[in-house]
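Here is the structure we will look at.
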Amino acid sequence: MTDIQPDSLEQFLGEYCDVVDAGFTERWKLHTPEIYNNEISEAIGGLAARQATLAIEVGRNPGIWNSNIAPLILRCMTDTHITLAWILASPQDRSKEYIRFGLGQEKLFIEYLQNEADQIPEGEIDDQIEQLIEIRKGWLNSQLMEWAIEVNVGSWSGKSTREMAAEAGCESLYKFAYVPFSGPAHSMWQHVGIHNVVPCKNPLHKNHRIPIIPEPRLDPDFLYRSSKYVSRTFDLLTKVLDLPCSIPLPVDFFLDKHPFQARGGNKTSN
Ligand SMILES: [Zn+2]
């Protein structure tokens, strides 16, 4: 990235974020909301907007284009796409399941907060926790529908992400993006063992590894990947919901306009 003029990078990123924003906005404008089953449009639109939001955050923040942080967001983007693709295959029941599970989780968290508040000794009442409970209860109560009352602690869809991905035609996204990005997202050894330990140089120590805080190395490939995931989501909206759009897909805009030097070979297809 050394040969890039800061101005041209800034301009490219500004335009890129606009393309992502417009790609979502233009498509959703054509969508007719399901008035009698409003959870369908709310779940699908919300997830698509979430995907666009994450893509824009990556575009706005070159400081996070490194192997410490970017994979966390990319993992979330693959999750978002798989969830959306799976819901779109049977929107009426699956959007309800998705919302029901979220409301159950919120109900559970409010119960935790309430128990915590109940244990605070008289005289030390914490206004903040009471306020938090009130605000969260307000949101929950505003959404309660007769079909959405129980707390479900399993997987929201009753399936693993691997199964959902297979059913929604996202198998390669699951294998080559979701799986590798899960390592850093959960701080598992396949990430930590590579990025946060190095071999000790003391020959008497039998090659043990010692912890390090690595210097972040910025790589625009993370932005490229994020542009692919959001494009995949936009493409799905266009195909399944018939929402055409004249704005270029973010990945095409990236490939066409990016100011970065050769981005290195060997990219996987995901
Ligand atoms: Zn040592």
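Some values worked out for this structure:
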quantity: Sole exception among (1) within 19 Å of TRP156 (Cβ to Cβ); (2) open to solvent by 70 Å² or more (accessible area, probe 1.4 Å); (3) within 14 Å of the chain's Cα centre (by Cα); (4) not basic (Lys, Arg) for GLU57, by number; calculated: (1)
quantity: Number of positions in the range 180-202 that are aliphatic (A, V, I, L, M), more than 16 Å from the ligand (Cβ to nearest atom) and more than 16 Å from THR80 (Cβ to Cβ); calculated: 3
quantity: Scope the range 1-23; condition open to solvent by 40 Å² or more (accessible area, probe 1.4 Å) and either closer than 17 Å to ALA85 by Cβ or part of a helix (DSSP H, G or I) (or both); matching residues; calculated: PRO6, ASP7, SER8, GLU10, GLN11, GLU15, ASP18, ASP21
quantity: Count of the range 60-82 residues which are open to solvent by less than 20 Å² (accessible area, probe 1.4 Å) and of a type in the set (Ser, Thr, Tyr); calculated: 2
quantity: Helices (runs of 4 or more DSSP H) completely within the range 165-258 that count 3 or more residues being farther than 27 Å from ALA49 by Cβ and open to solvent by less than 50 Å² (accessible area, probe 1.4 Å); calculated: 189-195
quantity: Any chance GLY46 is under 24 Å from LEU237 (Cα atoms) and open to solvent by 20 Å² or more (accessible area, probe 1.4 Å); calculated: yes
quantity: Some residue of the range 167-188 being touching a residue at least 12 places away in the same chain (Cβ under 8 Å) and over 30 Å from GLY45 (Cβ atoms); calculated: yes
quantity: Subset of the range 209-223 (residues that are within 16 Å of the ligand (Cβ to nearest atom) and either touching a Cys at 6+ places or on another chain (Cβ under 8 Å) or of a type in the set (D, E, K, R) (or both)); calculated: ARG209, ILE210
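Condition check ((1) in contact with an Asp or Glu (Cβ under 7 Å, 6 or more places away or on another chain); (2) open to solvent by 60 Å² or more (accessible area, probe 1.4 Å); (3) in contact (Cβ under 8 Å) with a residue 60 or more places away in the chain; (4) of a type in the set (Lys, Arg)) across all residues:
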site	(1), (2), (3), (4)
THR53	no, yes, no, no
TRP86	yes, no, yes, no
PRO91	no, no, no, no
TYR98	no, yes, no, no
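The values are calculated or read from the model by the stated rules, or taken from the named source; none is laboratory data. Remember, predicted model here, so these are calculated numbers, not experimental data. No Cβ is skipped: glycine too gets one built from the backbone with ideal geometry, and neighbour counts run over all protein chains shown. The protein model used for the area step is the full one, side chains on, heavy atoms only, and it has no ligands, DNA or RNA in it. Shrake-Rupley method; radii C 1.70, N 1.55, O 1.52, S 1.80 Å.
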